[in-house]
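*Asks:* Supplied in structure tokens, the structure appears directly below.
The values are calculated or read from the model by the stated rules, or taken from the named source; none is laboratory data. From a predicted model like this one, the values you see are computed outputs, not experimental measurements. Counting neighbours? That spans all protein chains shown, and the Cβs are built from the backbone with ideal geometry, glycine included.
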């Protein structure tokens, strides 16, 4: 029998590291060729890692939530024959990434790590952490991934205690410091039958971590400004009902969203500056790229968190084409089967909370895009038409723009163009 080391493969798009989301196998399990070993997450999607060989699991390469570099050892198997060389994997681990090595040596009894979905999180008390004892001028020891995450969280590494070898700061140390920072000692409350005690520290991992990083990056880098406009969708809803009554059985049912997508795409023809990306790291002042095609990102809520699948070439789609593609992408995202290609490359995004959309919102731009349109709920309210007060169906559009790229006047005119198309919906069926 031999040992076979499986390293984290290069999954393309220049990705240098991934986050381990969940194990599909445990030490001692028999593994078939092409069986999925683990789920890992890139900046865009969850990817399944299959086994290239048949064997038995000896040791796992980390715990869910841990960041692994491409080339780091992912898992170690016992296989028939000589395997691929004992100790080879240890040399493949980049310097400074000791936290990405295997949890146990192949000859040691491997620790059991339960899958992420079965872990039970007990209430934890996190002690207030004292600053690390370092001599003045000493540079904290940490991997590039830990340093980047600390910077994103606004944590000064010199105040973080390192629990790794030689005082190295690990991701777990950042979690502990963040949980304890600024929290005074708990005080006992008066006794009472309905008092609740205890805290729960929930690590931010998987898609939730990616969402947090992306939202923080968007707010840090983009000077947002928002614009809200009221839209009378009475005629639009009447048209939608007529189209569904006549064509739902043969073409599918239309929701409000395809009409909004169509209106946004048509308005982009007049205001191409909103269908763009801003690379603020290119040159001294950055570079704005305006796109001819409209690759429309549709913010979609899933059980794992917010995802943004992309309708490619939305400008070439009709109402039913948009409706079908939106439904297909939403299903793929919610089932966890959306590909990296389906979750990247958007040039402009739309977000909607449906019936929970509220009166107004301030949507966060999907960096590095420069605009996003938010859809609020439809409500019936009285309106004046001449001297008469009539009931109308009204909806607010809440939009945000990158003020470095889109001027306030242009943003307002763009939304007014969208409003005009929605209030005269027959125009959406022309051209």
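Residue by residue, here is whether (1) under 14 Å from the mean Cα position of the chain (by Cα); (2) surrounded by fewer than 22 Cβ atoms within 10 Å (Cβ to Cβ) holds:
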site: 295; (1), (2): no, yes
site: 299; (1), (2): yes, yes
site: 306; (1), (2): yes, yes
site: 311; (1), (2): no, no
site: 316; (1), (2): no, yes
site: 322; (1), (2): no, no
site: 326; (1), (2): no, no
site: 339; (1), (2): yes, yes
site: 347; (1), (2): no, no
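*Asks:* Working only within region 20-61, note down all residues that are more than 30 Å from residue 345 (Cβ to Cβ) and either assigned by TED's automatic domain parsing to the domain that holds residue 335 or part of a loop (DSSP other than H, G, I, E, B) (or both).
*Replies:* 25, 26, 27, 28, 29, 32, 33, 35, 51, 53, 54, 61
*Asks:* Mind checking whether some residue in region 255-262 is free of Cβ contacts under 8 Å to residues at least 60 places away in the same chain and within 34 Å of the chain's Cα centre (by Cα)?
*Replies:* Within region 255-262, not a single residue is free of Cβ contacts under 8 Å to residues at least 60 places away in the same chain and within 34 Å of the chain's Cα centre (by Cα).
*Asks:* Which members of region 278-288 meet the condition of being part of a strand (DSSP E or B) and within 23 Å of the chain's Cα centre (by Cα)?
*Replies:* Within region 278-288, 278, 279 qualify.
*Asks:* Here is a follow-up. Those residues that are surrounded by fewer than 21 Cβ atoms within 10 Å (Cβ to Cβ) and not in a loop (DSSP other than H, G, I, E, B), I need them from region 247-277; list them, please.
*Replies:* 247, 248, 249, 250, 251, 256, 257, 266, 272, 273, 276, 277
*Asks:* I'd like the full set of residues that are closer than 22 Å to residue 256 by Cβ and either outside the structural domain of residue 254 (by TED's automatic domain parsing) or touching a helix residue (DSSP H, G or I) at 6+ places or on another chain (Cβ under 6 Å) (or both), limited to region 398-425.
*Replies:* 399, 414, 417, 418, 421, 422, 425
*Asks:* Based on this model, can you work out whether residue 286 counts as surrounded by 15 or more Cβ atoms within 10 Å (Cβ to Cβ), in contact with a strand residue (DSSP E or B) (Cβ under 7 Å, 6 or more places away or on another chain) and at positive phi?
*Replies:* Spelling it out, it is not the case that residue 286 is surrounded by 15 or more Cβ atoms within 10 Å (Cβ to Cβ), in contact with a strand residue (DSSP E or B) (Cβ under 7 Å, 6 or more places away or on another chain) and at positive phi.
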